[in-house]
Amino acid sequence: MTQAINTALRYQQLLSRAAVALACICAVSAFLYGVFLLEAVAHTAALQSAEAQVIALNAKLGDLESQYLAQTASLTPERAAALGFVVPADITTVFVTAASKSLSLAH
């Protein structure tokens with residue numbers, strides 16, 4: 001019986017240390033859970049904000065496309081000449097070769 005009591009007293013100190021370690025692990029786990037939950041909420045809020053900005057940009061892009069199409073529909077050679085556009089006298093092609101990676105002119 002005394003051997004059982006000695007063994008129990010020996011492990012009592014280890015059990016209290018294990019209980020403290022488990023309590024610390026639980027506290028750290030709860031803290032990290034809260035941090036990750038708040039990060040997820042912040043990420044969702046930022047995602048919704050970005051989605052609203054994308055919708056607004058798509059609407060603005062649609063308006064700009066309609067303006068572009070309206071202006072190009074009214075562009076005629078006569079109007080282009082009136083705006084100052086002229087036919088080039090000499091057309092030059094600029095190309096790059098894969099070997100040299102330098103520009104060259106072809107007439």
task: Please get the size of the charge dipole for the chain, origin at its Cα centre, with Cβ charges of +1 on Lys and Arg and -1 on Asp and Glu, quoted in debye to the nearest 20.
output: 740
Rounded to whole Å, sorted largest first: equivalent-ellipsoid semi-axes of the range 30-81, Cα gyration tensor: 50, 7, 4
message: Limiting things to C-alpha atoms, what are the Rg and the maximum Cα-Cα separation (Dmax) for the chain, in angstroms?
response: 37.8, 115
query: Measuring from label point to label point, each 7 Å out along Cα→Cβ, what is the S49 to L69 span in nm?
result: 3.4
query: What number, in percent, do you get for the relative contact order of the chain if the mean sequence gap of Cα pairs under 8 Å and at least 6 apart is divided by its residue count?
result: 10
- request: Enumerate the calculated ³J(HN,Hα) couplings along the range 72-87 in order (Karplus 6.51 cos²θ - 1.76 cosθ + 1.60, θ = phi - 60°), each rounded to whole Hz, writing x wherever the residue is Gly or Pro.
  value: 6, 5, 8, 8, 10, x, 5, 5, 4, 5, 5, 7, x, 7, 10, 6
- request: Rounded to the nearest 500, what is the 222 nm mean residue ellipticity of the chain from helices alone, with -39500 (n - 2.57) per DSSP H run of 4+ residues and division by all residues?
  value: -27500 deg cm²/dmol
message: Positive end of the dipole of the chain, charges at C-beta (+1 Lys, Arg; -1 Asp, Glu), about the Cα centre: which of S66, A4, A56 has its Cα farthest in that direction?
response: A4
task: Have a look at L32, T44, V86 and report the one farthest towards the positive end of the charge dipole of the chain, computed about the Cα centre with Cβ charges (Lys/Arg +1, Asp/Glu -1).
output: L32
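Since every read-out is calculated from the coordinates, none of them should be taken as a lab result. Just so it is clear, the model here is predicted, and its values are computed rather than measured. Cβ: placed from backbone, ideal geometry, glycine included. Neighbour counts: every protein chain shown.
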